[in-house]
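For reference, the structure is listed below as C-alpha cells.
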Amino acid sequence: MEMELQTLVFSKEQEVLIKSQIGPTLNNDELLVFMHVAKRAGLDPLAKQIYAIKRGGKMTIQTAIDGFRAIADRTGQHVSTSDAVFVEENGHILKATITVQKMAKNGVIGDFTASAYFSEYQAQGTMWNKMPHAMIAKCAEALALRKAFSAQLTGIY
C-alpha cells in the first residue's frame with residue numbers, strides 16, 4: 001500500500017496561534033521553515049505532534065512520539081508496538097528496547113527492534129528526572145518506528 005504525502009493546511013488564524021503559542025521565539029524565517037516541515041509531514045503543532053525548539057540560539061524541529069505514531073498509523077502497515085523492555089543495573093537504567101511490527105506488501109509481518117541506551121541521551125530536565133523510564137522508552141520507540149517506516153520518517157527527528 002503506497003502512502004500519499006499528507007499535507008496540512010493551516011488558516012491564517014492558526015498560523016498566528018502557532019506563532020504565539022508554539023513558536024514565540026521564532027523569527028519569521030524560522031516560523032516558515034517550521035510550518036513547511038509540519039505541513040509536509042502532516043503533523044499538527046497545535047496537537048503537540050511537532051515542536052520548534054531553540055537550543056543555543058538555533059531552531060531545532062522535534063517530533064513528538066505521537067507524531068511518529070501518527071505517521072506510522074497513516075501507512076496502514078503498522079501492526080503493533082511492544083511495551084519497552086528495560087535493562088537496569090544497580091538501580092540505574094541502562095537501556096530500553098522496543099519492537100515495532102509492520103505488515104509488508106506481501107502480508108508478511110516484520111519485526112523492527114531498536115534499543116535506546118540511557119548513557120547516549122544525557123538528557124536533563126524535569127521529565128527525564130521525574131519519568132526516566134517513560135522518556136527512554138519513547139526514544140527506543142522512535143528508533144524502532146524510524147527503522148520500520150524509514151521512507152515516511154526520513155528527515156523527521
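The values are calculated or read from the model by the stated rules, or taken from the named source; none is laboratory data. Keep in mind it's a predicted model, so treat the numbers as computed, not measured. Cβ: placed from backbone, ideal geometry, glycine included. Neighbour counts: every protein chain shown. Keep in mind that these areas ignore ligands, DNA and RNA; they rest on the heavy atoms of the full protein, side chains included. Shrake-Rupley method; radii C 1.70, N 1.55, O 1.52, S 1.80 Å.
Remarks
- For Gly42, residues with placed amide H under 5 Å, excluding near neighbours: Leu8
- Accessible area expressed per residue, the chain, with surrounding protein chains retained (probe 1.4 Å, Å²): 60 Å²
- Farthest towards the positive end of the charge dipole of the chain, among the residues Ser119, Met135, Tyr157, is the Cα of Tyr157, using unit charges on the Cβ of Lys, Arg, Asp and Glu.
- Amide H partners (placed H, <5 Å) of Lys95, local residues excluded: Val87, Phe118
- Across all directions, the shadow cast by the convex hull of the stretch 63-157 built on its C-alpha atoms averages 6.2 square nanometres.
- Placing unit charges on the Cβ atoms only, positive for Lys and Arg and negative for Asp and Glu, gives the chain a dipole magnitude near 240 debye about its Cα centre.
- In sequence order, calculated HN-Hα J values of the stretch 26-34 (Karplus, 6.51, -1.76, 1.60; Hz; x Gly/Pro): 7, 7, 4, 5, 5, 4, 4, 5, 4
- Built amide H within the under 5 Å cut-off of Lys54, gap 5+: Thr60
- Overall, the accessible surface of the stretch 82-154 at a probe of 1.4 angstrom is composed of carbon and sulfur to the extent of 54 percent.
- From phi via Karplus (6.51, -1.76, 1.60), per-residue ³J(HN,Hα) for the stretch 143-157 in Hz, x at Gly/Pro: 4, 5, 5, 5, 5, 6, 10, 4, 4, 7, 9, 4, x, 10, 10
- Note on the stretch 6-80: percent of Cα-Cα distances in each 5 Å bin, starting at 0 and stopping at the bin with the largest distance, equals 3, 17, 27, 24, 15, 8, 5, 2, 0.
- Estimated from helical segments only, the mean residue ellipticity of the chain at 222 nm is -10500 deg cm²/dmol, where each DSSP H run of four or more residues counts as -39500 (n - 2.57).
- Pairs of Cα atoms farther than 24 Å apart, the stretch 1-136, %: 47 percent
- Under the Debye formula (equal points on every Cα, no solvent term), log10 I(q)/I(0) of the stretch 38-116 at q = 0.17 Å⁻¹: -0.88
- Listed by chain and number, the lysines whose alpha-carbon sits under 18 Å from that of Lys48, ignoring those within fewer than 8 places in the same chain, are Lys19, Lys39, Lys138.
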